[in-house]
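Student: Take a look at the following structure, please.
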Amino acid sequence: MPDANPDKRAITVDNGSKKRESELEIREMEIDDLPAVFHLGERIFTSETVPTLYRTWDEFEVTSLYNEDPEYCLVAEVDDATVGFILGTTVTKTRSAWKYGYIVWLAVVPEWQREGLGSRLFDKLAEKMIDDGVRIFMVDTEASNDPALEFFKKKGFGNPEEQIYLTLNVKTYQEKPHRGRGSRRKQKNGNET
Ligand SMILES: CC(C)(COP(=O)(O)OP(=O)(O)OC[C@H]1O[C@@H](n2cnc3c(N)ncnc32)[C@H](O)[C@@H]1OP(=O)(O)O)[C@@H](O)C(=O)NCCC(=O)NCCS
């Protein structure tokens, strides 16, 4: 008889001396998953894993991505408990015929890391995106996030491009003299006009 739910599969967990059979399911996120995903993200995306203000985990990340692209929001469940998720979207750039698949957030709870769940979440999302015409996958992560970098390298990601974030304190900005554009201009001979 065919499997009633092909997305569910049995996995064997090796806890040292004990082996346990568990049921893993990777499926599309549903509205009832929002709180679990949000709290899981809160646990994983702390100021250490996501130290820049550019990327902040909050409830709007989950709700807006789910609202925009629910088909690109997947959860991993083991024995009916949410243990991981992936949230993505697609981007089309002006003057580019290519569609990009952007992996915005990917997380697996520490107890379930290195069991292949992150990989399965990514593969399922990748297949959906390919079906929808995506030609390139994109992801960004902290340069210091070695596990994530190793993970994405293993999935085949390459060509890392460095990006530098600068900050400016408003007080410093206000203390700096500001000259209107062209108000004082040096002439070619060095004199100011
Ligand atoms: C990145 C992350 C999602 C990986 O999930 P995972 O379920 O542990 O990944 P997998 O088990 O599928 O690992 C696949 C491969 O990635 C590499 N990898 C994953 N975690 C690694 C680690 N901590 N150190 C070195 N390599 C690692 C390995 O090559 C691994 O294959 P292997 O176990 O056969 O050696 C997980 O570490 C995580 O949730 N990190 C915190 C959140 C985060 O940084 N997210 C990414 C940016 S949004």
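Quick note: the coordinates plus some simple rules give every number you see, no bench work behind them. What you are looking at is a predicted structure, and each value in this text was computed from that prediction instead of being measured. Neighbour counts are summed over all protein chains in view; Cβ atoms, including those assigned to glycine, are modelled from backbone coordinates with ideal geometry.
Student: Gain in length, residue 43 to residue 92, computed as 0.36 nm per residue apart minus the alpha-carbon separation, to one decimal in nm?
Tutor: Values: separation 49, 0.36 × 49 = 17.64 nm, distance 3.16 nm.
Result: 14.5 nm gained on full extension.
Student: Please give every one of the aspartates and glutamates within straight-line cross-link reach of residue 128, meaning a C-alpha to C-alpha distance under 13 Å, and leave out same-chain neighbours fewer than 8 residues apart.
Tutor: 28, 69, 71
Student: Right, another one. With a ≥ b ≥ c taken as the square roots of the eigenvalues of the C-alpha gyration tensor of region 41-134, please select rounded if a/c is under 1.5 and otherwise prolate if a/b is larger than b/c or oblate if it is not? Please list the in-between numbers first.
Tutor: Values: a/c = 1.99, a/b = 1.32, b/c = 1.51.
Note, shape of region 41-134 comes out oblate.
Student: May I pose another question? Between residue 167 and residue 99, take the C-beta separation as r, use R0 = 45 Å, and let me know the FRET efficiency to the nearest 0.05. Don't skip to the end; give the middle numbers.
Tutor: On the way: r = 33 Å, r/R0 = 0.73.
Between residue 167 and residue 99 the formula returns 0.85.
Student: Which value, in debye to the nearest 20, gives the size of the charge dipole of region 8-163 about its Cα centre, when Lys and Arg are +1 and Asp and Glu are -1 at the Cβ? List each step's numbers first, then the result.
Tutor: Values: 19 positive and 31 negative charges, 143 e Å.
Charge dipole of region 8-163: 680 debye, to the nearest 20.
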